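The values are calculated or read from the model by the stated rules, or taken from the named source; none is laboratory data. In this text the structure is predicted, and so the values were computed from the model without any measurement. All Cβ positions, even for glycine, are placed from backbone atoms using ideal geometry, and neighbour counts span all protein chains on display.
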Amino acid sequence: MKSPLRVLNIEDSIRDSELLRRPFEAAGYDIVWERAENAEEFRQALARESWDVVLADNNMPQFDAAAALRIFQQQALDIPFIVVSGAIGEDLGISMMRAGAHDYVLKHQARRLVPAVERELRETQVRRERRAALDRLRESEQRFRQLAEVTPHLVWQTGAEGQPEYANSRCREYFGREAADFPPEQWKDVIHPEDLAAAGAVNSDPDRPRPQGVEIRLRRHDGTYHWFIQRSVAVRDPDGRIQHWVHTATDIDNLKQHAEALVRTNAQLQQFAYAAAHDLLEPLRNVSTSLRLLERLYQQHPDKEALELIAEATGDAHRLHRMLSGLYEITKIDAADSAGAVADGAQVMRQVLANLRTAIAESNAEVTAAMLPSVPIREVHLLQLLQNLVANSLKFRDPARPLRVRLSAERQSRHWLFSVADNGIGFEPSQSQRLFDLFRRLHQDQEGTGVGLALCARIVSSYGGRIWAEGRPGEGATFFFTLPIREATEKDRGVPHS
Amino acid sequence: MIQILAAEDNRTDVRLLRMALDKEQDWPAELIVTEDGDKTLDYLRGARPRLPDLLILDLNLPRRDGVEVLQAVRATLALCALPVIVLSSSPLEAIETRVRKGNVAADAYFSKPFDLDEFLDLGRQIRRCYEVLSGAAAR
């Protein structure tokens, strides 16, 4: 394939222009050739399209090469400008080169013309590439600076030996130091004394890589400490030698404060639950037992109305007792102490069936379970979960048909999906979220305290799972929940025990 | 007749406890009641030459609570062998956890039943418990 070449020739003689053109055609170029006779044509041609090279004749009476060169230079084009002349003295050639022409060639040395143009084209190409690389570098540098300046994080860079090189404005504001003055020579000037160890022997090795990040407190210019996640990453040259360190610090003070507040709130909640279970239970128990003693007295001197009132009050006291006990159970659930725990689904299911034996027999229900897996949660929690859900199905059975409850589990990519499906009375779909609210009962005529499903929700969420229900009135209900998948242990992989 | 000291500030519970023990007609017991932790320890320390045969201890006592009383009992040479039954309102598991946190142990733990009939059955259970602890059952 022929290489394209676009030549703008300043020349008043058509014949000379043709003569100049021939060697390029002979060299195999696919030529676009335009001839300009005067300054105006030259300007227009330059403005109209782009050229690979300008060949300027120096022997034109009203428009010589020097004038053309001045026009050419005003355009700031990076293409070769080569002077071609019938007769050119060394002096003229040198002065043209000094003025900015790339080369000069004598007309009778037309053999030299093509190689001269080719060489200039190559050099132009090299120049362009170098300039583009510099532009890219400048742009990338600028982009990095812009990013570093707009980011809310503290960003600084040090040399291989830890010497200060750059610190973003956020960093300068926070520490109240100039970029050249950061990081300081003594890290203990800015890191909380208790966090120096976490920051990793920073005095001896201030730039130990910390790509994962450490949580440390950094001292602000006003002397207060804030929590940060600090990371340090080495920038290496192609041989693997460290050139720079880039350090970032992300303010997590708010997060930390919220986390601490959450821990405090949880502790208070735990205390409250204990108070509810104990301190409230005691006077309630007094009320209940006193009522029963009163009942005994009245039984000796029967008074129908008094006995009815006592029975109602006793019933309420018992209900309140069950609610308080349920509340205590719920707040006691904590997955934190479940490390290493495994609950065998099949075994737990057998326990559930044994515990609910009487209720199942009384409601003439058929409860089936298919291959429930072992899950990494405390056995008592899986028992409470399954038993409460099955008991829920038993409670809300439809008297019009025999109750069937089916439990199953399906392994999904990130968790087990358990389901408990029944053909009971179901519920309004709009109520599906409220089912799990504490003390809420959808069916007022049913016995219950509204604790069971809230307990299930608390267990599932404490293991990072999700629980929900689907159903329609008269069509039964299906409860779904997710639990974590047990990590394979050595035993599971069949590694023999020593 | 055996002597039982009940550290209990709840008057309803004292009444029920008395009724429960009275049900065991062939096991006559004298019930002495102290209403707070300090009075309980004062009584025990001044009870020479005869110590009570059994201490029934509530955990939620005014002044010194039941765990502190139990700690003091176990740390006193003259008292450390006294059989102690903890009888409190919380769920059984919470009672045991609370006592264990004080680095002491009682000889038995009961949660006060919510139901009257179950409460009145405590007399029988306390008796059996005492008989096991004192070895009387073997005789």
Would you confirm, using the coordinates I've provided, whether B:ALA81 is more than 14 Å from every other protein chain (Cβ to nearest Cβ) and either in contact with a strand residue (DSSP E or B) (Cβ under 8 Å, 6 or more places away or on another chain) or assigned to a helix (DSSP H, G or I) (or both)? no
Whether any residue in segment A:256-277 is within 30 Å of A:PRO193 (Cα to Cα), in contact with a His (Cβ under 7 Å, 6 or more places away or on another chain) and without any contact (Cβ under 8 Å) to a residue 40 or more places away in the chain is what I want to check. no
With the condition being under 34 Å from the mean Cα position of the chain (by Cα), I'd like the strands (runs of 3 or more DSSP E) fully within segment A:102-194 carrying at least 2 qualifying residues. A:154-159, A:164-167
Could you say which residue among A:GLU305, A:GLU295 is more than 52 Å from the chain's Cα centre (by Cα), among the charged types (D, E, K, R), in a helix (DSSP H, G or I) and more than 14 Å from chain B (Cβ to nearest Cβ)? A:GLU305
I'd like to know if segment A:79-90 contains one or more residues that are hydroxyl-bearing (Ser, Thr, Tyr), in contact with a Leu (Cβ under 8 Å, 6 or more places away or on another chain), surrounded by 11 or more Cβ atoms within 10 Å (Cβ to Cβ) and modelled with pLDDT under 85. yes
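Okay, residues lined up against (1) under 22 Å from A:PHE228 (Cα atoms); (2) of a type in the set (Phe, Trp, Tyr); (3) crowded, with 17+ Cβ neighbours inside 10 Å:
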residue	(1), (2), (3)
A:ARG136	no, no, no
A:SER140	no, no, no
A:VAL150	yes, no, no
A:VAL155	yes, no, yes
A:THR158	yes, no, yes
A:TYR166	yes, yes, yes
A:GLY176	yes, no, no
A:PHE182	yes, yes, yes
A:GLU185	yes, no, no
Identity of the residue in segment B:1-31, in contact (Cβ under 8 Å) with a residue 40 or more places away in the chain and part of a loop (DSSP other than H, G, I, E, B), that ends up nearest to the other protein chains (Cβ to nearest Cβ): B:ASN10
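Considering only segment B:90-97, I want to know if a residue exists there that is away from chain A (no Cβ under 13 Å), surrounded by 18 or more Cβ atoms within 10 Å (Cβ to Cβ) and either outside any helix (DSSP H, G or I) or out of contact with any Gly (no Cβ under 8 Å at 6 or more places or on another chain) (or both). Write out each step before concluding.
Taking segment B:90-97 first, the residues away from chain A (no Cβ under 13 Å) are B:96.
From what's left, surrounded by 18 or more Cβ atoms within 10 Å (Cβ to Cβ): none.
No.
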Tally time: how many residues in segment B:106-139 are surrounded by fewer than 14 Cβ atoms within 10 Å (Cβ to Cβ) and not in a helix (DSSP H, G or I)? 2
If a residue must be part of a loop (DSSP other than H, G, I, E, B) and either exposed (fewer than 11 other Cβ atoms within 10 Å of the Cβ) or within 25 Å of the chain's Cα centre (by Cα) (or both), how many such residues does segment A:228-280 contain? 6
